[in-house]
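Student: Handing you a structure now.
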Amino acid sequence: MRKFFKFEFIFIYSFLLIFVITNIYINKFSEQYFISDGYKHSSLYQEDAISYFKVTDRISNDITEGKKIYNSGGPYSFSFLHPRIIYFFNNFFNSNQEIINSTKLKIELRNYKFFLYFQIIFFYLSTFFLNRSLLKIFDKNLSNTICIVILINPIIFQWHMSFYTESIFLSFLILLMCFLFRSKSWVNFLFIGLYLGIMYSQRTIALLYPIVIFIYIIFLNQNLKEKIIKLFSLTMGMSLILFLIGFYNYNRAGVFYFTPMQSKTDIRTYLEADVLGYSKKISKEDAQEELKNYNLNLINTYSYDLQKERDKIEFLNKVQKNSFKTLISNKAITFKIIIKNYLHTMLLNPVQVFFEAKYQNWIDYKKSDDHKLWLMVRIIITPIFFIMVGLGLIFSINKVKFKYNIFLFLSIIYFTSISCWLPNTRYFVPSVLFMSIYFSVFLHHITLLFKKNKLSQSIKK
């Protein structure tokens, strides 16, 4: 009986379970439809997914017209890699059948369930590889506990059932840990630099993540020369990927840039209107109207043609500069709003994907009984999780080598600080991945104490 509780069996159980859950989820919502901009689509397709589908279709059309894959796809607006992953999926399973049908006013990615299956398989293979890697540096029971917690954590596994970038990015993060913990030579760190560039192309929050790896390298037990070579190799590797993205844009549109357009408008979208509204004591709608007028003045003053990519980038740079100016001019208000956003984003949400499929917009969900119930659940589980993670961090001092602890702790700090100011709980998920490791350390420590206490009681008897 005990063998059924070994890691390998739990791994298989959970793998089968997530497939069952995914199919239940698909069957429940596959015939529920929403209307977005006049197009009918399954409620399984989130707003971001439709944006990715648009890029995928454009890549398909460009290639049909004779362009190469390296100069197709249109402006670099958000994730570079994810729409291209969907493109290759659509090419393999559907022979590049059009996803957004303008004639039927319908959005449909055929055989989409296999894309979700692919995400699950990729994540499980990554976690299995992580288990093999952790066995070389951690206790076997601790290694198994870490991977089991990562696999069954609903805050994490729900993203395998979505078309967001999260699932693949989490798998990338898990593989990064495997590569990093095994790396010894400068060649390994050159590869990690290239790999970080690929991670950045999936989600731009990885842009400054090399800073965490730099600090990890500093704490390696090696001489200064070896550390400098590794730092240089890492930098060169990631810089090469950034250069290739920039060159792709230059080859396609005649302008070199490697940060997506969306990153230049995030502050405007999520912060500036709120800050402006509070500072001027006007409604958010009036603040948005004022910002809209500012944009129009910019366009008229500089005669920008936003259909031209170079003009659009210059325009967005000025918009971003003005957004920073607004925040800096209202530091106290900005600080209050950011803290509020952090508290919202860090409230654990194990059902976000499910209710995004059930309700078309946030307002409908917020008014529902589902929101009231799950808000209470989230308020209860969040402090419990944080307390266990905090205790796990303390226990890890005697269980985990300092260099690994530095990497894990700084990874939590990095992803929390770089993205959680955006008021969306999915941006906290990368931090939850690393926090799950400390949560596992806590569970492992408590299990050892329980076994020790049970053994001492049996001896007394």
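Student: Can you tell which of L422, L391 is in a helix (DSSP H, G or I) and not charged (D, E, K, R)?
Tutor: Checking each option against the conditions leaves just L391.
Student: Which members of the range 51-72 meet the condition of being surrounded by 19 or more Cβ atoms within 10 Å (Cβ to Cβ) and assigned to a helix (DSSP H, G or I)?
Tutor: Y52, F53, V55, T56, D57, I59, S60
Student: Given the options F118, F114, F123, F128, name the one that is aromatic (F, W, Y) and surrounded by 23 or more Cβ atoms within 10 Å (Cβ to Cβ).
Tutor: Going through F118, F114, F123, F128 in turn, just one is aromatic (F, W, Y) and surrounded by 23 or more Cβ atoms within 10 Å (Cβ to Cβ): F123.
Student: I would also like to ask the following. If the requirement is being at pLDDT below 95, over 30 Å from I406 (Cβ atoms) and within 23 Å of the chain's Cα centre (by Cα), which of these qualifies: T269, T259, T301?
Tutor: T269
Student: Another question, then. Of all the residues that make up the range 177-195, how many are under 21 Å from I156 (Cα atoms) and surrounded by 21 or more Cβ atoms within 10 Å (Cβ to Cβ)?
Tutor: The total comes to 1.
Student: Please pick out the residue among F189, F157 that is over 25 Å from S43 (Cβ atoms) and aromatic (F, W, Y).
Tutor: Selected residue: F189, the only one of F189, F157 that is over 25 Å from S43 (Cβ atoms) and aromatic (F, W, Y).
Student: Residues that are surrounded by 13 or more Cβ atoms within 10 Å (Cβ to Cβ), touching a Phe, Trp or Tyr at 6+ places or on another chain (Cβ under 8 Å) and either farther than 26 Å from L134 by Cβ or of a type outside the set (F, W, Y) (or both): does the range 379-388 have at least one?
Tutor: Yes, the range 379-388 has at least one match.
Student: Modelled with pLDDT of 95 or more and either within 24 Å of the chain's Cα centre (by Cα) or more than 28 Å from D266 (Cβ to Cβ) (or both): is that true of Y45 in this structure?
Tutor: Here the answer is no, as Y45 does not meet what is asked.
Student: Residues being assigned to a helix (DSSP H, G or I), among the polar types (S, T, N, Q) and surrounded by fewer than 17 Cβ atoms within 10 Å (Cβ to Cβ): count how many of those fall in the range 293-313.
Tutor: Adding up the residues that qualify gives 4.
Student: For H444, all conditions in the list (1) modelled with pLDDT of 95 or more; (2) touching a Leu at 6+ places or on another chain (Cβ under 6 Å); (3) surrounded by 16 or more Cβ atoms within 10 Å (Cβ to Cβ) hold save one; what is the number of the exception?
Tutor: Checking H444 against (1) modelled with pLDDT of 95 or more; (2) touching a Leu at 6+ places or on another chain (Cβ under 6 Å); (3) surrounded by 16 or more Cβ atoms within 10 Å (Cβ to Cβ), the one that fails is (1).
Student: Taking the range 409-419, which residues are touching a residue at least 12 places away in the same chain (Cβ under 8 Å) and either surrounded by fewer than 23 Cβ atoms within 10 Å (Cβ to Cβ) or assigned to a loop (DSSP other than H, G, I, E, B) (or both)?
Tutor: Residues satisfying the conditions are F409, L410, I412, Y414, T416, I418, S419.
Student: Next up: Please indicate, with yes or no, whether at least one residue in the range 30-39 is part of a helix (DSSP H, G or I) and touching a residue at least 60 places away in the same chain (Cβ under 8 Å).
Tutor: no
This table checks each residue for (1) farther than 21 Å from D37 by Cβ; (2) within 25 Å of the chain's Cα centre (by Cα); (3) modelled with pLDDT of 95 or more.
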position	(1), (2), (3)
T64	yes, no, no
Y70	yes, yes, no
S77	no, yes, no
S95	yes, no, no
K104	no, no, no
Y117	yes, yes, yes
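Residue by residue, here is whether (1) of a type in the set (S, T, N, Q); (2) under 24 Å from the mean Cα position of the chain (by Cα) holds:
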| position | (1), (2) |
| --- | --- |
| N398 | yes, no |
| N405 | yes, yes |
| S417 | yes, yes |
| L422 | no, yes |
| F442 | no, no |
| N453 | yes, no |
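Student: Does V319 satisfy the criteria of being out of contact with any Asp or Glu (no Cβ under 8 Å at 6 or more places or on another chain), closer than 29 Å to M238 by Cα and in contact (Cβ under 8 Å) with a residue 24 or more places away in the chain?
Tutor: yes
Student: Exactly one of these conditions fails for R84: (1) of a type outside the set (D, E); (2) surrounded by 17 or more Cβ atoms within 10 Å (Cβ to Cβ); (3) without any contact (Cβ under 8 Å) to a residue 60 or more places away in the chain; (4) on the phi > 0 side of the Ramachandran plot. Give me its number.
Tutor: (4)
Student: Given the condition modelled with pLDDT under 95 and either among the small types (G, A, S) or at positive phi (or both), answer yes or no: does some residue in the range 185-198 qualify?
Tutor: Scanning the range 185-198, I find at least one residue that is modelled with pLDDT under 95 and either among the small types (G, A, S) or at positive phi (or both), so the answer is yes.
Student: Kindly evaluate L44 against the criterion of being aliphatic (A, V, I, L, M) and farther than 23 Å from S77 by Cβ.
Tutor: No, not satisfied.
Student: Another question, then. For the range 391-403, which residues satisfy the criterion of being surrounded by fewer than 20 Cβ atoms within 10 Å (Cβ to Cβ) and either of a type in the set (D, E, K, R) or touching a residue at least 24 places away in the same chain (Cβ under 8 Å) (or both)?
Tutor: L391, F395, K399, K401, F402, K403
Student: Next question, about the same structure. Name, by its number, the condition in (1) surrounded by 22 or more Cβ atoms within 10 Å (Cβ to Cβ); (2) within 17 Å of the chain's Cα centre (by Cα); (3) part of a helix (DSSP H, G or I) that does not hold for I146.
Tutor: (2)
The values are calculated or read from the model by the stated rules, or taken from the named source; none is laboratory data. Quick caveat: nothing in here was measured; it's all calculated off a predicted structure. Quick reminder, even Gly has a Cβ in these numbers, built from the backbone with ideal geometry, and neighbours come from all protein chains shown.
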